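Trainee: Handing you a structure now.
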Amino acid sequence: MRTFSTFILAILRAGALGCVVLLLPGLGLAQKVTTAKTTIPFNFWAEGYEFQAGDYVFDNEFPGSATIRREGTNASIGVSIILYAVPEEKENPRVIFVLRDGKYFLFELWIVQDRYVVTAEFEHRGEASEQQRQVPLTIVESHDE
């Protein structure tokens, strides 16, 4: 009889765990979608593509990614990003680039209260160096989705 009650308890625990697994993804669906603009005064690289200096639009409409689009065009490039910090106070939005081998690479996006790092740079998140350039972002639109 003891093994039967242990078996029933194991089934109940598995069922409870299954409910939690099904509920957790739904909690993560709500996100703040932000669109921001900036003028980047130098060429830069992201996801293997070179972008010319100019006016750009950044947004994070899709979870886990940001799109970069040169203003006035429809073509965009998606960049994988990871949220790595939520500062206690609001910060000035900015995009951060790091200089490597004479080229600037997209490194981080700071959008008011969220700091995102480009996935390929995750191990270096939050690092500051003299090899970085920061460009301010102007938030155009921000809403919960």
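Trainee: Within the set of other residues whose C-beta is less than 9 Å from the C-beta of residue 115, count the net charge using Lys and Arg as +1 and Asp and Glu as -1. Mind showing how you got there, number by number?
Mentor: Details: positive: 125; negative: 91, 108, 114.
Computed value for this residue: -2.
Trainee: I'd like to know which of 92, 142, 46 lies farthest towards the positive end of the charge dipole of segment 39-145, counting +1 on Cβ of Lys and Arg and -1 on Cβ of Asp and Glu.
Mentor: Value: 46.
The numbers here are math on the coordinates, done by the rules we state, and not lab data. Everything numeric here is computed off the predicted structure, so don't read it as measured data. Note: ideal-geometry Cβ built from the backbone for every residue, glycine included; neighbour counts use all protein chains shown.
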